[in-house]
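We did not get these values from a lab; they are worked out from the coordinates using the rules stated. Bear in mind that the values here come from a model prediction, so they are computed numbers and not experimental data. Ideal geometry is used to build each Cβ from the backbone, glycine not excepted, and the neighbour counts take in all protein chains shown.
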Amino acid sequence: MPTRRWLRRVVAVVVTVCALVSAVRLAGPAATGPTGEPLGVVRQLSFLRAQLNGKAGDEAQQQFPEGYFFIHALYGLSWVEIGLRDPAGKRAAALREARWALRQLDSPAGRAPFSANLVPRHGVFYRGWSNWLRGGILGLQTAGQRQPSELRRFADDSAALGAAFEGSASPFLHAYPGQAWPVDSTVAMASLRLHDTLLPPRFSKTVQRWLHGVRQRLDPRTGLLPHRVDAATGEPVEVARGSSQSLIQRFLPDVDPVFADEQYRRFRDQYVTWPLGLGPAVREYPDGMDGPADVDSGPLPLGVSLSASVVTIGAAQIHHDAPLAAALAQSSEFVGLPVDTPWTKRYAFGLLPIGDAFLAWSKAARPSVARAASPPPSTVSPWWPTPLLSILVVVGAAPWLPALLRRRQRRRTGIRGL
């Protein structure tokens, strides 16, 4: 009997402590922001580097078609963001780590999933993300510090992308043979705009031509860039989806802030949801529509894509939608099961490092080329955590209620005995 009572107390303490920690994470300062080092991101990157030195890249490749490439690209881009946020303290480390990541993209393993027969070579996904990282590395340096070889490669790759867009009847280039996704061309186009901020401008007409073509091929249901298009014509073949929209909204302000503002407001109206009224999340399919899960979306509980919800942290931050960015970041602290040490931080117990890469990159988001047109009106109440905090109070108190009721009953019995 004493042993059973002791076990009940241990369980009660564990449940209460977990509820208290969750409440602190939920109500604490947001793990993101427009300036300074976002809370825990450098420690996340320390964890990621250790994983990438092991088998994390190969494991990510088994989970996603571009897993090896993506996890290294996001690692490098996160360091670029950190270096630009903290030039005095972190720029040297950021430059070193971003260059290391770029070497992995340039390796046979980084290029393996992508066809060399596409235009541009290896396809727009590979060339767009690589070029964005190259530009970021140059942006970490002053004009006098930039290495001629890095400048030439960035200029040459940008020229190849520009020529591919100019020679295409569709604004959406191939990522794989016979397959095109607008999000990939959006990243590539943003890299051309980045080129024109770092080097003598040459792609303004290419950008305007692209925007004209995009506006003619929006998804008719949502008014947004579609998820997938006909590879030959660029016409929509799949409705806009949260997993690609969250990335598009991250990059589009650097292409055209005014068009991006229009698109972001449409996206937020149709995809940001509050499942069970407990907190913000992002749907994979627009409001009123359901669809199947896949490797891009991940599982879809209540229609919500966890990957889209994470990436939207960065999109909201770049659009100066600080309340939504903060709420999504706080939600990630609540549901992501972070494990903190003085040296590292990982989510979901570190079981999915590519998830950490997306989250670190999203929390560190900042505009690279242009500022968003204007902050959108907030749709997030400052009291949004209240329902979840109420549930946590109940959960934390529940294990102690039976003992409290028994003690109260004994007191009443004692009083009646008098």
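At full extension, W274 and D230 could sit 12.5 nm farther apart than now, given 0.36 nm per residue minus the alpha carbon distance. Note on the chain: with charges restricted to the Cβ of Lys and Arg (+1) and Asp and Glu (-1), its dipole about the Cα centre is near 2320 debye.
Computing FRET efficiency as 1/(1 + (r/R0)^6) for S204 and A93, where r is the C-beta to C-beta distance and R0 is 25 Å, gives about 0.15.
Spin-label model, R121 to R406: label points 7 Å out along the Cα-to-beta-carbon direction sit 7.5 nm apart. The angle between the Cα long axis of helix 148-166 and the longest principal axis of the Cα atoms of the chain comes to about 80 degrees, rounded to the nearest 10.
Fewest neighbouring Cβ atoms within 10 Å first, the residues K363, K90 line up as K90, K363.
Each of R215, R266 has some number of other Cβ atoms within 10 Å of its Cβ, and from fewest to most they run R215, R266.
With K and R counted +1 and D and E -1, the other residues having a Cβ less than 12 Å from that of H212 yield a net charge of +3.
With contacts taken as Cα pairs under 8 Å at a separation of at least 6 residues, the range 31-375 carries a relative contact order of 20 percent. Find me the longest stretch of the chain that has none of the exposed chymotrypsin sites (Phe, Trp or Tyr not before Pro), where exposed means in a DSSP loop (not H, G, I, E or B) with at most 11 other Cβ atoms within 10 Å. It works out to 1-342.
A cut-off of 5 Å between modelled amide H atoms, ignoring neighbours fewer than 5 places along the same chain, links V282 with T273, S305, S309. For D184, D256, D290, the sequence from fewest to most other C-beta atoms within 10 Å is D290, D256, D184. Applying a DSSP loop filter and a limit of 15 other Cβ atoms within 10 Å to the trypsin sites (Lys or Arg not before Pro) in the range 105-207 leaves R121, R202.
Selection among G54, I137, P382 by position relative to the dipole of the chain gives P382 as farthest towards the positive end (Cβ unit charges, Cα centre). Electrostatic tally near Q317: other residues with Cβ closer than 11 Å to its Cβ, Lys and Arg +1, Asp and Glu -1, net +1.
Lysine pairs in the range 31-375 whose alpha-carbon atoms fall under 25 angstrom of each other, counting only those eight or more residues apart or on distinct chains, come to 5. Ranking V10, G162, A94 by how far each Cα lies toward the positive end of the dipole of the chain (charges on Cβ) leaves V10 at the top.
Our estimate of slack between F349 and Q147, defined as 0.36 nm per intervening residue step minus the Cα-Cα distance, is 68.8 nm.
Report the FRET efficiency, 1/(1 + (r/R0)^6), for V10 and A50, where r is their Cβ-Cβ distance and R0 is 25 Å, rounded to 0.05. About 0.15, to the nearest 0.05.
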